[in-house]
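Input: a single structure, listed below in structure tokens.
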Amino acid sequence: MERAHPGTQQIAPMEAKLVSGLPEDAGWQFEPKWDGFRAIAYRDGDAIEIISKSGKTLARYFPEVVALLAATPDMRFVIDGELILPVGDVLSFDALQQRLHPAPSRIAKLSVATPAQFMIFDCLELDGESLLERPLAQRRTALEHFHLRNGSDGLLLSPCTTDRAAAQAWLAGSGGALDGVVAKRIDEPYRAGERAMLKVKQRRSADCVVAGIRRESNGPGVASLLLGLYDDAGRLNHVGFTSAIKDCERDAITARIAPYLGGQGFTGKAPGGPSRWNNGREKAWEPLAPELVVEVLYDQVTGDRFRHGTRILRWRADKAPKQCSMDQLVHEVRPAQIAAII
């Protein structure tokens, strides 16, 4: 096996625009939005490549996926999908991130111990013929035929529906199984590099203790709140932060936290410290007495913390900090949930 020739024409993934609800008019196909690494896979004979949304190769990090693509009866194709990775009884985004490692020996070990899977949802080329200009309905038919010939335990076909109620049920009943639902026009071509799809993301809320802050780089105002939850041992662990605070709300938040400055802060895992994710820079933060509770919106959990910044919903003066526990978090999808959705 070898990676596709560097001159292979790369296709920019069609992307999605975030919306608050699924479209109600006719002519849409709905698909689960899986929580993994978006990728386009290319095969031209023995040459195979897997390209991320940012245009970088993922093939060296997922040799087991390269191997399963090389084992397909079809010799020439381009397919769009999501790399997902089961570890034990969950699909782990954290385990995917750990694969982006410089040591080939570690990658080889993990590819055997915890093999990834490829969940495919679009077919862009078959047998040297581009399908980009064909409508989604035809591409989906081609994809289903491709999967019938080539599918395996590691090469999975993502489900789809034209029934809005069924898609809404995915959102309502999937728990941590999905990152959301995507809507695509049935009659449109593959619009590479454009935000031509719509996505509705899962939004969940949690009541958190405000145990620290970070200030603006150019002033004394609060830039973000640092959030904590209590574990079974009674330790207050850092689990994330709030996204950018609106200017119109900053003064009120700065005044609200002032009486609690200089408090104990976190008693378990704390924020800060250099890492490969912040380029080795430690960001300063200030501890607060853990007495304020805020309800926040979040999308996904990785490990025991929010993957992205959260949004403030409301302050919870009615909630005791000790009531803010880790069991509120909806964790990563379990393979059984995928089986139910498919």
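Some observations on this one:
- Of T161, T141, all but one fail to be surrounded by fewer than 21 Cβ atoms within 10 Å (Cβ to Cβ) and in contact with a strand residue (DSSP E or B) (Cβ under 8 Å, 6 or more places away or on another chain); the exception is T161.
- Of everything in region 6-65 that is farther than 27 Å from T302 by Cα and aromatic (F, W, Y), the residue that is surrounded by the most Cβ atoms within 10 Å (Cβ to Cβ) is Y42.
- The residues of region 202-220 that are out of contact with any Pro (no Cβ under 8 Å at 6 or more places or on another chain) and surrounded by 17 or more Cβ atoms within 10 Å (Cβ to Cβ), listed by number, are Q202, R204, A206, D207, C208, I213, R214.
- From T57, T72, T114, residue being closer than 26 Å to I11 by Cα and without any contact (Cβ under 8 Å) to a residue 60 or more places away in the chain: T57
- Considering residues of region 171-218 that are among the β-branched types (V, I, T) and closer than 29 Å to P290 by Cα only, the residue modelled with the lowest pLDDT: I213
The values are calculated or read from the model by the stated rules, or taken from the named source; none is laboratory data. Source: prediction; values computed, not measured. As a convention, Cβ positions derive from the backbone with ideal geometry for all residues, glycine included, and neighbour counts pool all protein chains shown.
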